[in-house]
Amino acid sequence: MNSIIRNSVLGIAGLAFAGGVAAGPLTDAPASAVDTRPVAVAVQADKPAVDKGKLVPHGVQGGQSRIDLSDEQVASTKAIIAATKKAGMDERAAVVSIATALQESKLENLGHLGDRNDHDSQGLFQQRPSSGWGTVEQITDPEYSTTAFLKGLKQVDGWQDMPLTKAAQTVQVSAYPDHYAQWEQQAADLVAEHWNS
């Protein structure tokens with residue numbers, strides 16, 4: 001017990017000494033020696049950080065995948081975030097959207113894939129003109145396709161409280177409903193990085 005008190009007293013004494021050294025020695029210099037002119041200081045206001053608790057409120061589920069992004073894929077990420085903000089939706093909606101686009105297209109704005117695709121799915125979200133998502137021109141426009149996805153997401157009751165993969169699947173109706181979950185962490189990281197950029 002004595003060593004705890006001794007260490008506490010020494011710690012306080014050390015702080016007092018360090019504070020005195022940092023403040024500088026006391027001198028009897030005349031007041032005129034001190035420059036009292038205001039100094040202009042440039043302060044760069046940092047952008048507020050994204051609340052990471054909002055990004056993945058239920059924790060990631062299952063194994064996670066990650067890919068390196070090209071400039072085109074980063075531009076797609078930023079377009080999804082901009083459309084999400086324009087739609088008045090929050091960071092979590094952006095995470096769901098980006099994870100969905102990562103699964104559907106790896107964030108590449110794909111045109112018709114011909115023989116590699118047996119449907120008419122196109123764009124970031126692989127939306128189909130024949131299913132009423134819009135024209136080819138519309139669904140290959142990142143703002144339009146994101147807005148269309150978000151419109152569908154808004155219609156899912158309680159999507160904010162669902163696991164990401166369930167919310168995405170309810171909108172997308174994919175043949176592989178559980179595959180969206182693997183992109184949640186990378187999507188959250190991208191939103192954290194670009195939401196305020």
Does PRO177 satisfy the criteria of being within 18 Å of the chain's Cα centre (by Cα), open to solvent by 40 Å² or more (accessible area, probe 1.4 Å) and of a type outside the set (Gly, Ala, Ser)?
-> no
Hey, does region 55-70 have a residue that's outside any loop (DSSP other than H, G, I, E, B), open to solvent by less than 40 Å² (accessible area, probe 1.4 Å) and farther than 13 Å from ALA188 by Cα?
-> no
Selection status of LEU107, on the phi > 0 side of the Ramachandran plot and either open to solvent by less than 40 Å² (accessible area, probe 1.4 Å) or touching a residue at least 40 places away in the same chain (Cβ under 8 Å) (or both) | yes
Over region 152-162, the set of residues outside any helix (DSSP H, G or I), open to solvent by 20 Å² or more (accessible area, probe 1.4 Å) and either modelled with pLDDT of 95 or more or on the phi > 0 side of the Ramachandran plot (or both) is GLN155, ASP157, GLY158
Answer yes or no: is there a residue in region 10-30 that is part of a helix (DSSP H, G or I), of a type in the set (Gly, Ala, Ser), open to solvent by 100 Å² or more (accessible area, probe 1.4 Å) and modelled with pLDDT under 50.
-> no
Residues in region 80-96: is at least one loosely packed, with under 10 Cβ neighbours inside 10 Å and at pLDDT 95 or above?
-> yes
Residue that is assigned to a helix (DSSP H, G or I), touching a His at 6+ places or on another chain (Cβ under 9 Å) and more than 19 Å from ASP189 (Cα to Cα), where the choices are SER130, SER145 | SER130
Selection status of SER197, hydroxyl-bearing (Ser, Thr, Tyr) and assigned to a loop (DSSP other than H, G, I, E, B) | yes
List every residue pair whose Cβ atoms lie under 8 Å apart, where the two residues are 6 or more positions apart in sequence or sit on different chains, the first residue falls within region 127-151 and is more than 12 Å from ALA101 (Cα to Cα) and open to solvent by 60 Å² or more (accessible area, probe 1.4 Å), and the second residue, located anywhere, is of a type in the set (S, T, N, Q) and part of a strand (DSSP E or B).
-> ARG128/GLN122
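The values are calculated or read from the model by the stated rules, or taken from the named source; none is laboratory data. This is a predicted model, so every value here is computed, not measured. Using ideal geometry, Cβ is built from the backbone for each residue, glycine included, and neighbour counts are taken over all protein chains shown. The area values use the complete protein model at the heavy-atom level, side chains included, leaving out ligands, DNA and RNA. Shrake-Rupley method; radii C 1.70, N 1.55, O 1.52, S 1.80 Å.
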